[in-house]
Amino acid sequence: MQLKPQDFLVALKLVAWGDQRWTYARLAQELGLSTSEAHGAVRRAVEAGLLLPNRVAPVPVDSQGAASLQEPSGIYRVTRNRVRRAPADSSEGDVSADNPVRVHAQNLAEFALHGAKYAFPGVRMPLAVGVPTSHSAPAFAGVFAPGSTDFVWPHPNGSVRGIGVEPLHPAVPFAAMQDPTLYELLALFDALRVGKARERNMAMERLRSLIDPSAPAPARKALRG
């Protein structure tokens, strides 16, 4: 099994959605994928450990009510865990349990920060008009001084001219424009792929906090005088 760019894109989309309930049809629509592509991406991401299933295969029971260990594997069926649903007006309860999968925050953060840029390296392209990415994206507004070289995903509906960056997946410009949080995640990932040291360091901190908020912040090295 080999991870594909859309697998990582799907995982980031689920980070952006948080605990929202979703369907494969909606996932595919908002990412510009087919439903079968969305299913395949989720399956591979689960196999890679970036996502976790919310469903388990129960132990088969024989006619006497005892668990059987001799039944053929073909009778196993994947069923949904029964969860107590919170009232519609309640802030308690984890609605993500109704979804087929959830993000494995620790694994996904580790992959996003230390592995994804090697699996899906940033490729610079000629100057083009497109959708701003990396430090040029709206998420970085006011962080870096004006005059920095702009990076863009080439796109006919873009409004900024800059150095082209091949997006993680052809659907990325479309998907980013549908979801500001996903846009931020993808732009931060591009900062890791094509940014300078300061941009990469900032992107790593922000990505970690978005993907795995419970992770302890890394200790800062003391400055030597």
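Quick one: which of THR149, THR133 is touching a strand residue (DSSP E or B) at 6+ places or on another chain (Cβ under 7 Å), over 14 Å from ALA16 (Cβ atoms) and at pLDDT below 90? I'd like the intermediate steps shown before the answer.
Working: THR133 fails: at pLDDT below 90.
Only one candidate passes the filter, namely THR149.
Looking only at the range 20-48, how many residues end up being among the β-branched types (Val, Ile, Thr) and buried (at least 16 other Cβ atoms within 10 Å of the Cβ)? Working first, answer last.
Step one: list which residues in the range 20-48 are among the β-branched types (Val, Ile, Thr), which gives 23, 35, 42, 46.
Within this subset, residues satisfying the condition of being buried (at least 16 other Cβ atoms within 10 Å of the Cβ) are 42, 46.
Counting residues in the range 20-48 that are among the β-branched types (Val, Ile, Thr) and buried (at least 16 other Cβ atoms within 10 Å of the Cβ) gives 2.
Give me the residue from the range 160-183 that is of a type in the set (Val, Ile, Thr) and not in a helix (DSSP H, G or I) and, out of that set, nearest to LYS4 (Cα to Cα). Before the answer, list the steps.
Within the range 160-183, the subset of a type in the set (Val, Ile, Thr) is 160, 163, 165, 172, 181.
Those still in the list that are not in a helix (DSSP H, G or I) too: 160, 163, 165.
Numbers: VAL160: 28, ILE163: 25, VAL165: 18 Å.
Selected residue: VAL165.
The values are calculated or read from the model by the stated rules, or taken from the named source; none is laboratory data. Model, not experiment: these values are computed from the prediction. Glycine also receives a Cβ, built like all others from the backbone with ideal geometry; neighbour counts cover every protein chain displayed.
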